[in-house]
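Visitor: One structure is given below, represented as structure tokens, and several questions about it will come after.
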Amino acid sequence: MSLRNVTLLGATGSVGQSVRDVVAENPARLSIATVVGGRDAQALARTAIEVGASFAALADAAGGEALKQALSGTGIASGAGRSAVLEAVNRPADIVVSAISGAAGLEATFAALLPGRTIALANKESLVCAGAAVMTRAAEVGVRVLPLDSEHNALFQVLGAEPLSSVRSMTLTASGGPFRTWSAERIAAATPDQALKHPNYAMGAKITIDSASMMNKGLELIEARFLFDLQADQLDVLVHPQQIVHGLVTFRDGSVSAGMAVPDMRVAAAHCLGIDGRLDAPPPRFLDLALTAPLSFERPDLVRFPSLGLAMAALSEGGAMPAVLNAANEVAVAAFLERRLRFPDIAALVEAVCSASSAGSGAPRDVAEALAIDQDSRRQAASLLSQARFAAT
């Protein structure tokens, strides 16, 4: 099998590290030629040198000179700002890994939809904000969109060659986050440090807070709706603390198939990067059920975790509401991490922004419309955040 060329968007994040580990384990089959990072010029430079990239792009234009200096003498070309990111996306690639966090990854993901490519998608916000536009464009140009999130990847593998018409429903599992067993009163007083202690995964700050509020699972439901072309009532969530079962597919005949693996993002990364032939994932890679704790499942508590209920409501409403929800949540999470907002007020702020948005607004038809909805919703969230009822105490 020939060497496959990879462009890695979000190269310095936790998903980016998982992808780099898989590539390092399979040097005869994969090579990373282009890397894109956010604001940390030094980390991106180290990553570019480590993987032997030929081009590195930093999203933050202000860090361009620092990146250039850090790469001086290496022969690695670099750039910074929006134009550099789009240049990176347009460079030759067989696989583009989209792992830029948040709505910031939407434009780059859409630009990466070029004929002959495979997109390994870890940026769920691309589908949350503009799912119909992204999947329509992918179908038009013949791009395969593969889910790199562990839950969606498990569902994708379980589905296999089965037609979607054979599926009755799909269930995503959730760890329940660090507050799964906490009382509502204790959750109300949670600090950022406590919310950042995920029980199973080491992830970026934003997604870890989303896991604590269970908003992350709500966003994943919306993502699944577009990835698998299902309706809202065909998607469900179960809390599964052990995170061994990542997804369940219930077929029309009543049979249920589970996607299982150790809770390690490198398993999903290895599957996406080796879609035309299985790759070796770095250890630990194999699941030994005899050594695992008993597997348990429970329904999510929407009273203690209202963010999940808000996401479910946005999924049911459709249109522009998922994009509104996502933008408000990004503002709220940032404010919580800055200790300007209490943990329960993340959901309260999101609900207020969604309530203030126009019901029945159509889904964005392209990236420009999605970004306009995103910016309008952020402004609304920022305005509400300044009100006394959202002041952290």
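Visitor: Go through the residues of the range 325-338 one by one and say whether even a single one is part of a loop (DSSP other than H, G, I, E, B), over 16 Å from Gly218 (Cβ atoms) and either hydrophobic (A, V, I, L, M, F, W, C) or not assigned by TED's automatic domain parsing to the domain that holds Ala130 (or both).
Guide: Scanning the range 325-338 turns up at least one residue that is part of a loop (DSSP other than H, G, I, E, B), over 16 Å from Gly218 (Cβ atoms) and either hydrophobic (A, V, I, L, M, F, W, C) or not assigned by TED's automatic domain parsing to the domain that holds Ala130 (or both).
Visitor: Give the residues of the range 155-213 that are of a type in the set (D, E, K, R) and more than 24 Å from the chain's Cα centre (by Cα), sorted by residue number.
Guide: Result: Glu162, Arg168, Glu185, Arg186.
Visitor: If I ask for residues that are of a type in the set (Gly, Ala, Ser), under 18 Å from Asp236 (Cα atoms) and in a helix (DSSP H, G or I), which ones from the range 131-187 would you list?
Guide: The answer is Ser150, Ala154, Ser165, Ser166.
Visitor: Now for a different question. For residues in the range 315-342 being closer than 24 Å to Ala184 by Cβ and surrounded by fewer than 21 Cβ atoms within 10 Å (Cβ to Cβ), which is nearest to the chain's Cα centre (by Cα)?
Guide: By that ranking, first place goes to Ala334.
Visitor: Additional query: What single numbered condition from (1) surrounded by fewer than 19 Cβ atoms within 10 Å (Cβ to Cβ); (2) modelled with pLDDT of 95 or more; (3) closer than 30 Å to Val89 by Cβ fails to hold for Leu164?
Guide: The number of the failed condition is (2).
Visitor: For the condition hydrophobic (A, V, I, L, M, F, W, C) and within 15 Å of Ala104 (Cβ to Cβ), what is the one hit in Ala59, Ala77?
Guide: Ala59
Visitor: Answer yes or no: is there a residue in the range 70-81 that is at negative phi and within 22 Å of the chain's Cα centre (by Cα).
Guide: So far as the range 70-81 goes, no, none of its residues is at negative phi and within 22 Å of the chain's Cα centre (by Cα).
Visitor: I want to confirm something. Restricting to the range 274-313 and keeping residues that are among the hydrophobic types (A, V, I, L, M, F, W, C) and either surrounded by fewer than 13 Cβ atoms within 10 Å (Cβ to Cβ) or in the same structural domain as Ile95 (by TED's automatic domain parsing) (or both), which single residue is nearest to Arg20 (Cα to Cα)?
Guide: Step by step, filter the range 274-313, then rank; the result is Phe286.
Visitor: Scanning the range 255-300 for residues that are among the hydroxyl-bearing types (Ser, Thr, Tyr) and at pLDDT 90 or above, which turns out nearest to Ser14 (Cα to Cα)?
Guide: Here the residue is Ser296.
Visitor: Take the residues in the range 369-393 that are exposed (fewer than 13 other Cβ atoms within 10 Å of the Cβ) and among the hydrophobic types (A, V, I, L, M, F, W, C), then tell me which one is modelled with the lowest pLDDT.
Guide: Ala388
Visitor: Out of Lys206, Lys217, which single residue is in a helix (DSSP H, G or I) and within 14 Å of Pro300 (Cβ to Cβ)?
Guide: Lys217
Visitor: Could you say which residue among Asp345, Asp376 is charged (D, E, K, R), within 27 Å of Ala189 (Cβ to Cβ) and not in a loop (DSSP other than H, G, I, E, B)?
Guide: Being charged (D, E, K, R), within 27 Å of Ala189 (Cβ to Cβ) and not in a loop (DSSP other than H, G, I, E, B) holds for just one of Asp345, Asp376, which is Asp345.
Visitor: Does at least one position in the range 25-37 carry a residue that is surrounded by fewer than 24 Cβ atoms within 10 Å (Cβ to Cβ), among the aliphatic types (A, V, I, L, M) and not in a strand (DSSP E or B)?
Guide: yes
The values are calculated or read from the model by the stated rules, or taken from the named source; none is laboratory data. The structure displayed is predicted, hence computed values, not measured ones. Here the Cβ is made from the backbone with ideal geometry for all residues, glycine too, and neighbour counts use every protein chain on show.
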